[in-house]
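Right, I'll just put the structure down here and ask away after.
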Amino acid sequence: MVRASMSSPESLSPANDAFRPAVPGLAAIVVMVFSIFFPRLLFSPLLVSIQLDLSLTAARATRIFTTIAVGYAVAMLASGFVSTRVRHRRIVALSAFGVGVGMQIAALAPTVGVLHAGALLVGASAGLYAPSGLSIVSEITPFARRGMGFAIHEIGPSVSFVLAPIVAAVLLPLVGWRGVVSATGVVSAAAGIGYFLRGSAGFVYGEAPHFENLKTIFRIARFWLIILFFVLAASAAIGMFAVLPTYLISFRGMDQQLANSLIGASRISGIAMIFLSGVLTDRFGFRRTVAGIFLLTGIFTILLTVADGPFLALAVLLQPAVISAFFPAAITAMLEIGPPQTRNVVVSLVIPLANLVGSGFYPALAGFAVDTGTIDRFFQGTGAALILAILLLPFFRSKVLRSPS
C-alpha cells in the first residue's frame, strides 16, 4: 500500500472529507479500547499494595500478569470462531462488560486464587476485543486514511498508560487497591452496555481460522517477523510497565506516589508520538521508522539501569514515549499481511502471542529477576535485544511504503 502524499493539499482534501464521517465511530472505539485496556494496566501501579495485602513475594505477585496474558491469548485465538456467529459490535461490547465483571471479582478476592480467577476473566474478555475492534476501524476508515485511523485508535491505550499510575497514585490513599479496582470495573461494564445499545459500526461477522488461510499466512516470512517485532515491543512497553514501579521503588529508592506519577507523565508524550509515527512512516517507510524506534528504545531501556537523578527521570520519561510510536506503524504493516479476508485471522494470531510473551511471561521473569537481584541485567538484555532486532528489518518486505516526494 502506498499512502497518499502529504505534500499535495489537493490530494489530501478529498481524503479529509471522506475521513470526517468516520470520526464519531473512531471516538467511540477509543472509549471502548480505553475501558478494556486501562483495567489491565491498573494492576501494575497497584502491585506493591496487592503484594503487601496478600503477603506475596514479587515473583508470586507478578504471576497475575501471566494469568491475564494466558486468558487474553486463549480468548483471542478463539475470537475468530466467535466472530463468525457474533457481530463485531457485540463482541466489543461483551469484551468491556466482561472486563468489568472480572475487575469486580478481583476487587472482592479474599485469596490469591480468587484474585487470579478475576484476572483470568479480565484477560479473556480483553482478548476478544482486538480482532473485532481493529476490523471496525478498517471498516469505518477510508482506505487512504487508514493509518490515521489506527493512530487515533491507539489514543485509547496511550491514555491508559498515562492515567493508570496517576489514578492509582490519587485514589490508592483514599480507597485502597480494592476500591480502585472495583470502581474501574464499574466504568468498564457501563461502557460495554453503552456500546451494545448505541454502537454504530461493526455489524458484520468475521472469518474463523481454517487450514487454508492458516497455510497461506504461515508461508509469509513477514508474518513471523512481525510476531517477533510485536513481542519485543510489547515487552518494552507493557511488560516493563508492569514491573517498572516495583523496580523504581524497591531498587532505586523512589517514593511510591512519585514513581507512579513519573511513569504516568512518561506516557503523555506517547500520545503525540503515535501521530508522529504515521508521519515518519509516510516519510521514511516502515523499516527505517522501526529501526529508529528500536534503537532509541534500546538505549533508553539500558539507561534505566545505569542512570541516576535527572538522567534516570529522563530515561523513564522517554523510553515509553518512543516505543509507543511502534504500534500504529506495525498495525498498518500487520494488516497488509495476507489477503484482506484473513485480516482478523492475522490479528488473532500475532497479538495474542506477542501479548502472552510481552505482558505475561516477561513480567513473570522480571519478578523472578527482582527476587534474585538480577533485574538490572534483565532490563539491559531487553535493551540489547531491541537494538539487535534492527538487523532483521531488511528482511521485512513491507507494503507500507514511503509516500512519493
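The values are calculated or read from the model by the stated rules, or taken from the named source; none is laboratory data. The structure displayed is predicted, hence computed values, not measured ones. Note: ideal-geometry Cβ built from the backbone for every residue, glycine included; neighbour counts use all protein chains shown.
With the requirement that a residue be of a type in the set (Val, Ile, Thr), buried (at least 21 other Cβ atoms within 10 Å of the Cβ) and part of a helix (DSSP H, G or I), what does region 49-65 give you?
Result: ILE64, single match.
Sort out which residues of region 255-270 are at pLDDT 70 or above and farther than 12 Å from ALA169 by Cβ, and write them in order of number.
The initial filter retains those residues of region 255-270 that are at pLDDT 70 or above, namely 255-268.
SER266, ARG267, ILE268, listed by residue number.
Report, ordered by the first and then the second residue, all pairs with beta carbons closer than 7 Å, sequence separation of six or more or different chains, a first member in region 323-345 that is assigned to a helix (DSSP H, G or I), and a second member that is modelled with pLDDT of 85 or more and not aliphatic (A, V, I, L, M).
From region 323-345, the pairs are ILE323/THR297; ALA329/THR289; ALA330/PHE229; ALA330/PHE230.
Could you look through region 66-84, keep only residues that are crowded, with 18+ Cβ neighbours inside 10 Å and among the hydroxyl-bearing types (Ser, Thr, Tyr), and pick out the one that is farthest from GLY360 (Cα to Cα)?
Selected residue: SER83.
Checking the condition under 22 Å from PRO165 (Cα atoms), among the charged types (D, E, K, R), in contact (Cβ under 8 Å) with a residue 24 or more places away in the chain and touching a Ser or Thr at 6+ places or on another chain (Cβ under 9 Å), which residue from ARG40, ARG63 passes?
Numbers: ARG63 fails: touching a Ser or Thr at 6+ places or on another chain (Cβ under 9 Å).
Just one listed residue meets the conditions, ARG40.
State yes or no: is GLY98 free of Cβ contacts under 8 Å to residues at least 24 places away in the same chain and under 17 Å from THR184 (Cβ atoms)? Spell out the reasoning first.
Numbers: free of Cβ contacts under 8 Å to residues at least 24 places away in the same chain: no; under 17 Å from THR184 (Cβ atoms): yes.
It is false that GLY98 is free of Cβ contacts under 8 Å to residues at least 24 places away in the same chain and under 17 Å from THR184 (Cβ atoms).
Then there is this: How many residues does region 230-258 contain that are assigned to a helix (DSSP H, G or I) and without any contact (Cβ under 8 Å) to a residue 60 or more places away in the chain?
Going through region 230-258 one residue at a time, the tally reaches 1.
Here is a further query. Looking at (1) modelled with pLDDT of 85 or more; (2) of a type in the set (A, V, I, L, M, F, W, C); (3) under 19 Å from LEU356 (Cβ atoms), can you tell me which one LEU52 breaks?
(3)
Continuing with this model, one more query. Is one or more of the residues making up region 82-92 hydroxyl-bearing (Ser, Thr, Tyr), closer than 22 Å to ALA354 by Cα and not in a helix (DSSP H, G or I)?
yes
Report yes if some residue within region 125-137 is at pLDDT 90 or above and under 14 Å from SER35 (Cα atoms); otherwise report no. Walk me through it before giving the result.
Residues of region 125-137 at pLDDT 90 or above: 125-126.
Next, from what is left, pick out any that are under 14 Å from SER35 (Cα atoms): 125-126.
Yes, there is a match, as at least one residue in region 125-137 is at pLDDT 90 or above and under 14 Å from SER35 (Cα atoms).
Please pick out the residue among VAL112, VAL30 that is touching a His at 6+ places or on another chain (Cβ under 8 Å) and surrounded by fewer than 22 Cβ atoms within 10 Å (Cβ to Cβ).
On the way: VAL112 fails: touching a His at 6+ places or on another chain (Cβ under 8 Å).
Going through VAL112, VAL30 in turn, the sole match is VAL30.
Restricting attention to region 92-109, report how many residues are surrounded by 19 or more Cβ atoms within 10 Å (Cβ to Cβ) and under 15 Å from PHE37 (Cα atoms).
So the answer is 11.
Spot the failing condition for THR281; the list is (1) of a type in the set (Ser, Thr, Tyr); (2) touching a Ser or Thr at 6+ places or on another chain (Cβ under 6 Å); (3) surrounded by fewer than 17 Cβ atoms within 10 Å (Cβ to Cβ), and only one is missed.
Only one criterion in (1) of a type in the set (Ser, Thr, Tyr); (2) touching a Ser or Thr at 6+ places or on another chain (Cβ under 6 Å); (3) surrounded by fewer than 17 Cβ atoms within 10 Å (Cβ to Cβ) is unmet by THR281, namely (3).
Do you know which residues across region 38-93 are under 20 Å from PHE196 (Cβ atoms) and among the basic types (Lys, Arg)?
ARG85, ARG87, ARG89, ARG90
Next up: Confirm whether LEU120 is surrounded by fewer than 23 Cβ atoms within 10 Å (Cβ to Cβ), of a type outside the set (Phe, Trp, Tyr) and part of a helix (DSSP H, G or I).
Yes, satisfied.
How about region 370-385: which of its residues are without any contact (Cβ under 8 Å) to a residue 12 or more places away in the chain and crowded, with 21+ Cβ neighbours inside 10 Å?
Result: no residue meets the conditions.
Looking only at region 77-91, decide whether some residue is under 23 Å from VAL162 (Cα atoms) and in contact (Cβ under 8 Å) with a residue 40 or more places away in the chain.
No, every residue in region 77-91 fails to be under 23 Å from VAL162 (Cα atoms) and in contact (Cβ under 8 Å) with a residue 40 or more places away in the chain.
Could I ask something else about it? Need the failing condition index for ARG40 against (1) closer than 27 Å to VAL345 by Cβ; (2) of a type in the set (Lys, Arg); (3) more than 18 Å from the chain's Cα centre (by Cα), just the number.
Against the list (1) closer than 27 Å to VAL345 by Cβ; (2) of a type in the set (Lys, Arg); (3) more than 18 Å from the chain's Cα centre (by Cα), ARG40 comes up short only on (3).
Now for a separate question. Which one is surrounded by the fewest Cβ atoms within 10 Å (Cβ to Cβ), of the residues in region 355-369 that are modelled with pLDDT of 85 or more and aliphatic (A, V, I, L, M)?
It comes out as LEU365.
Continuing with the same structure: Can you run down the residue pairs with Cβ atoms below 7 Å, 6 or more apart or on separate chains, where the first is in region 174-185 and in contact (Cβ under 8 Å) with a residue 60 or more places away in the chain and the partner is surrounded by fewer than 16 Cβ atoms within 10 Å (Cβ to Cβ) and part of a helix (DSSP H, G or I)?
TRP177/ASP53
May I ask you to say which residue of ILE293, ILE331, ILE337 is at pLDDT 90 or above and of a type in the set (Val, Ile, Thr)? Give the steps one after another, and end with the answer.
Values: ILE331 fails: at pLDDT 90 or above; ILE337 fails: at pLDDT 90 or above.
From the options ILE293, ILE331, ILE337, the qualifying one is ILE293.
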